[in-house]
Amino acid sequence: MTGRDDQKMKILIIGSGGREHAIGWKLKQNPDNLLYFAPGNGGTSQIGENINIKVDEITKLADFAEKQEIEMTVVGPELPLTLGVTDEFNRRGLRIFGPGIEGARLEGSKAFAKKFMQKYDIPTANYDAVTCFVDGMNMLAHHRYPVVIKADGLAAGKGVIICTNKWEAEAALKDMLEANTFGEAGSTVIIEEFLTGKEVSLMCFTDGETIIPMETASDYKRALDKDRGANTGGMGSISPSPYYSDGLGNEIAQKTLQGLKQEGFDYRGVIYIGLILTPDGPKILEYNARFGDPETEALLPRLESDLAEILSATADKRLSECKLHWNDKKAVSVIITSEGYPGTYETGYEIDIPETKSTVFHAGTTTENEKTITSGGRVLSITALGTDFEEARRVVYEDAEKIRFEGKTYRTDIGLVQGV
Ligand code: AMP
Ligand code: GLY
């Protein structure tokens, strides 16, 4: 790594969640960096300036970056990527971290991603893609149960239904293809083989020429302890994944890079490889075109290298110069939610955050009259490091208890690692 710690940069971070606060927190380890968040949250306003522009207002984002002479923009969520924010910034000669619209389709369309995996011999579940109910029913005959039915497009984590019998599968197909529950996102549907195994998030930096896998992480998607309850945007994460052994995903990462190159995608950002470790070896469940949330909150506190330099090297296509350094600590990150999440919940409650040993990243918070107020389902993401998961758990849960707001809810089993 070339030593750039002494350099300051004006950086815009697009997004408003725990992931964006964590990215900002890491970048602010160089106190000279000037940070802007669009739109940000109650935590990001303490380390930078929140700008009132939404993540899908592409022209306004580019106008802001141009006017403020922003030197680097980091895209948090997928929506602006699939709307072409990177292409717009590139057209204006503005530096940005995140793939162009073509590469972002690896996340934006599951059918597109599956075709890509097939073409480049990347192991994934067997599947069929259909666009009408009758075809779907015919295709079901070729699948065993449980079967997985997925909406092709972005569905905020809600477009995947695991069906244990034909009637459930029929209902899911009807919902997506006839009742249009997912709108345009469900106009193509993937019918997929059900895989079993531990899930591992392998995020990689890539500039389209070089790919560098980060340390691994795993997220906890279900609302309740022991992986029960509804699917959520994530209730916590740990890093490293205790189920992953070094190098397991390297071949998949290299084949992915090969595919990006051969397709000619301008891909400069993070490619998130959602792996499942099956008895037949690692397979891909999904690609994301960005940092994972909440994995980033567990991962970045383990990164020793200068993130601004990695982002710059990626955007400037000189990632081969970078070597990433990680500490060998274990990270446990717990999401603190509003009661009722992922269903209905109330917001507007004042949050009391006393001094903590954990790092507190804000997600669904805002600031009113200098007070921090809940404004979303996932309110905070708090991360502790330890020499083992038990130590990290002890610290993070002591702090989770100390933080106060009306309706505070969290899982108690994040980082409880058994049988490894
Ligand atoms: P996806 O958005 O495709 O990653 O799916 C979300 C979640 O659904 C994954 O993290 C898995 O827990 C589950 N899932 C998706 N596809 C499959 C599959 N083929 N077999 C088993 N579980 C799956
Ligand atoms: N944690 C999964 C995701 O970021 O999509």
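The values are calculated or read from the model by the stated rules, or taken from the named source; none is laboratory data. If you're wondering where the values come from, they're calculated on a predicted model, not measured in any experiment. For neighbour counting, all protein chains shown are included, and Cβ atoms are generated from backbone atoms with ideal geometry for every residue, glycine included.
Residue pairs whose Cβ atoms lie under 8 Å apart, separated by 6 or more positions or on different chains, with the first residue in segment 224-236 and on the phi < 0 side of the Ramachandran plot and touching a residue at least 12 places away in the same chain (Cβ under 8 Å) and the second within 16 Å of ligand 2 (Cβ to nearest atom) and among the aromatic types (Phe, Trp, Tyr), are 232/341; 235/220. Residues of segment 81-100 that are in a loop (DSSP other than H, G, I, E, B), out of contact with any Ser or Thr (no Cβ under 8 Å at 6 or more places or on another chain) and under 21 Å from residue 309 (Cα atoms): 93 alone.
Scanning segment 381-405 for residues that are in contact with an Asp or Glu (Cβ under 8 Å, 6 or more places away or on another chain) and in a loop (DSSP other than H, G, I, E, B) turns up 403, 405. When you look at residue 96, is it within 20 Å of the chain's Cα centre (by Cα) and under 27 Å from residue 363 (Cβ atoms), yes or no? For residue 96, the condition - within 20 Å of the chain's Cα centre (by Cα) and under 27 Å from residue 363 (Cβ atoms) - is met. Checking each residue in segment 65-117 for being within 24 Å of residue 186 (Cβ to Cβ), among the aromatic types (Phe, Trp, Tyr) and without any contact (Cβ under 8 Å) to a residue 60 or more places away in the chain picks out only 112.
When each of 86, 73, 82 is tested for being in contact with a Pro (Cβ under 8 Å, 6 or more places away or on another chain) and under 26 Å from residue 253 (Cα atoms), the lone residue that passes is 86. Inside segment 10-58, residues that are within 14 Å of residue 74 (Cβ to Cβ), part of a loop (DSSP other than H, G, I, E, B) and of a type in the set (S, T, N, Q) make up a count of 2.
Applying the set (1) crowded, with 18+ Cβ neighbours inside 10 Å; (2) within 16 Å of ligand 2 (Cβ to nearest atom); (3) among the hydrophobic types (A, V, I, L, M, F, W, C) to residue 230 leaves exactly one unmet item: (1). Among residues of segment 151-169 that are β-branched (Val, Ile, Thr), those with a beta-carbon under 9 Å from a residue that is more than 9 Å from ligand 1 (Cβ to nearest atom) and assigned to a loop (DSSP other than H, G, I, E, B) at least six positions away or on a different chain give the pairs 164/145. Applying the condition of being surrounded by 20 or more Cβ atoms within 10 Å (Cβ to Cβ) and small (Gly, Ala, Ser) to segment 63-108 and asking which residue is nearest to residue 25 (Cα to Cα) yields 76.
Suppose the filter is farther than 24 Å from residue 72 by Cβ and either without any contact (Cβ under 8 Å) to a residue 60 or more places away in the chain or within 16 Å of ligand 2 (Cβ to nearest atom) (or both); does residue 246 pass it? Even if it seems obvious, please write down each step before you answer.
On the way: farther than 24 Å from residue 72 by Cβ: yes; either without any contact (Cβ under 8 Å) to a residue 60 or more places away in the chain or within 16 Å of ligand 2 (Cβ to nearest atom) (or both): yes.
Judged against the criteria, residue 246 is a match.
Quickly run through segment 342-371 and pick out the residues that are polar (S, T, N, Q), surrounded by fewer than 23 Cβ atoms within 10 Å (Cβ to Cβ) and on the phi < 0 side of the Ramachandran plot. Within segment 342-371, 344, 347, 356, 359, 366, 367 meet the criteria.
So, of the residues in segment 269-291 that are among the small types (Gly, Ala, Ser) and surrounded by 24 or more Cβ atoms within 10 Å (Cβ to Cβ), which turns out to be nearest to residue 113 (Cα to Cα)?
Kept after step one, since they are among the small types (Gly, Ala, Ser), are these residues of segment 269-291: 269, 274, 281, 289.
Restricting the remaining residues to those that are surrounded by 24 or more Cβ atoms within 10 Å (Cβ to Cβ) gives 269, 289.
Details: 269: 17, 289: 11 Å.
It comes out as 289.
Only one of the listed residues (306, 266) is buried (at least 19 other Cβ atoms within 10 Å of the Cβ) and out of contact with any Phe, Trp or Tyr (no Cβ under 8 Å at 6 or more places or on another chain). That residue is 306.
Going through segment 321-341 one residue at a time, which ones are surrounded by fewer than 19 Cβ atoms within 10 Å (Cβ to Cβ) and of a type outside the set (A, V, I, L, M, F, W, C)?
From segment 321-341, those surrounded by fewer than 19 Cβ atoms within 10 Å (Cβ to Cβ) are 321, 323-329, 339-340; that's our starting set.
Selection gives 321, 323, 325, 327, 328, 329, 339, 340.
If only residues of segment 139-191 that are in a helix (DSSP H, G or I) and among the basic types (Lys, Arg) are counted, the one that is farthest from the chain's Cα centre (by Cα) is 166.
Check every one of the strands (runs of 3 or more DSSP E) wholly within segment 221-326 and list those with 1 or more residues that are away from ligand 1 (no atom under 16 Å from the Cβ) and modelled with pLDDT of 95 or more. I'd like the intermediate steps shown before the answer.
Working: elements: 222-224, 228-231, 236-239, 269-278, 281-288.
Counting at least 1 such residues, we get 236-239, 269-278.
Just a yes or no: is a residue in segment 182-194 near ligand 1 (Cβ under 10 Å from one of its atoms), under 26 Å from residue 105 (Cβ atoms) and surrounded by fewer than 20 Cβ atoms within 10 Å (Cβ to Cβ)? Scanning segment 182-194, I find at least one residue that is near ligand 1 (Cβ under 10 Å from one of its atoms), under 26 Å from residue 105 (Cβ atoms) and surrounded by fewer than 20 Cβ atoms within 10 Å (Cβ to Cβ), so the answer is yes.
The number of residues in segment 196-220 being under 16 Å from the mean Cα position of the chain (by Cα) and assigned to a loop (DSSP other than H, G, I, E, B) comes to 4. On the stretch given as segment 114-163, residues that are of a type in the set (S, T, N, Q) and either in contact with a strand residue (DSSP E or B) (Cβ under 7 Å, 6 or more places away or on another chain) or within 12 Å of ligand 1 (Cβ to nearest atom) (or both) total 2.
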